[in-house]
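Undergrad: What follows is a structure written as structure tokens; I'll ask about it next.
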Amino acid sequence: MKDERKTTILDLGVRAALELAHDTPWNELTLSAIAKKAGLELESFHGVADKDTIADTVESYFDRAMSEGSFAADETPRTRLFDVIMMRFEAMEAHRPALLSLMKWRQTQPLRLMALISARQASAEWALVCAGLDASEGLPKPLRATAIAWAIAQAERAWRKEESADLSRTMAKLDSELRKMEERAGWIKGRGKRKASTDEADSAAEPKAGETAPTDETRPEQAE
């Protein structure tokens, strides 16, 4: 029950902060103003959240938008990831002024930037889940999540400068980063396969138990 109450208060706090930050710079927001906008008593936030906690929760708040998509079984992993991550940016677009204000303020807050690193990783892991790729074979999940987190971060940088209503700049950047990730993943897996083939060849060349390894004297002479 306590966890549900905390989640509800955080959700209301995030929504209220986003609404307020549409017109008020994030650095000027106060917890009392957020509580009032959320229709809650200030004491409701005691021991639950402060302004920093609300700022950190914004990332997971928009992660939920990725849960609303669907995909076809024959779609490539890159296409699936592109679709679910773009749903996140589309949800963010409705709160552009507030989010740009938050991002500007966060650049001056070292602890918030540190929190953003783990939040990015969580966003990437949830993108894998929403794309139906959390059980995929290949690269280890933490490595895949780190690559996707990087792609999201780079796409967000493009989103900040977005001028088109169709988010064309953001889509182009995200697609580019996911393609790079796809190519790197193929290269890494390719290296793994080549190494495995080399190991098998080396193993086959080793003498079996009871056999004598060929020497220069026992090898058949090659035709000159």
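Undergrad: Sort segment 106-182 into rounded, prolate or oblate with this rule: let a ≥ b ≥ c be the square roots of the eigenvalues of the Cα gyration tensor; rounded if a/c is under 1.5, and if a/c is not under 1.5, prolate when a/b is larger than b/c, oblate otherwise.
TA: Details: a/c = 2.28, a/b = 1.17, b/c = 1.94.
Cα axes put segment 106-182 in the oblate bin.
Undergrad: Say R0 is 25 Å: what FRET efficiency, to the nearest 0.05, do ARG96 and ALA135 get from their beta-carbon distance?
TA: Computed FRET efficiency for ARG96 and ALA135 comes out at 0.10.
Undergrad: Quick check of the Kirkwood formula: for segment 51-194, what is the inverse mean of 1/r over all pairs of different Cα atoms, in Å?
TA: Taking the inverse mean of 1/r over all distinct Cα pairs, segment 51-194 comes out at 15.8 Å.
Undergrad: Quick check of the Kirkwood formula: for segment 1-70, what is the inverse mean of 1/r over all pairs of different Cα atoms, in Å?
TA: 12.4
Undergrad: Any of LYS36/LYS104; LYS6/LYS36; LYS6/LYS37; LYS51/LYS161; LYS51/LYS104 with alpha carbons more than 19 Å apart? Name them for me. Numbers along the way, then the final one.
TA: Values: LYS36/LYS104 24 Å; LYS6/LYS36 17 Å; LYS6/LYS37 17 Å; LYS51/LYS161 26 Å; LYS51/LYS104 15 Å.
LYS36/LYS104; LYS51/LYS161, as the Cα separations exceed 19 Å there.
Undergrad: Still on this structure, I have one more. At 0.36 nm per residue, and after removing the present C-alpha to C-alpha distance, how many nm does the segment from THR108 to LEU40 gain when stretched out fully?
TA: Separation in residues times 0.36 nm, less the Cα-Cα distance, equals 21.6 nm.
Undergrad: Sticking with this structure for a sec: Measuring from a point 7 Å past the Cα of GLU19 along Cα-to-C-beta, which residues in segment 62-82 have an amide N at less than 18 Å?
TA: 62
Undergrad: Here is a follow-up. Between SER118 and ASP3, how many nm apart are label points set 7 Å from Cα along the C-beta direction?
TA: Each label point is offset 7 Å from its Cα along the Cβ direction, giving 1.6 nm.
Undergrad: Sticking with this one: With +1 on the Cβ of every Lys and Arg and -1 on the Cβ of every Asp and Glu, and nothing else charged, how large is the dipole of segment 13-64 about its Cα centre, in debye rounded to the nearest 20?
TA: Using only the charged Cβ atoms, the result is roughly 160 debye.
Values quoted throughout were computed directly from the atomic coordinates according to the rules given, and no laboratory measurement underlies them. Computed from a predicted model, the values in this text were never measured in an experiment. Heads up, the Cβs are rebuilt from the backbone with ideal geometry, glycines too, and the neighbour counts pull from every protein chain shown.
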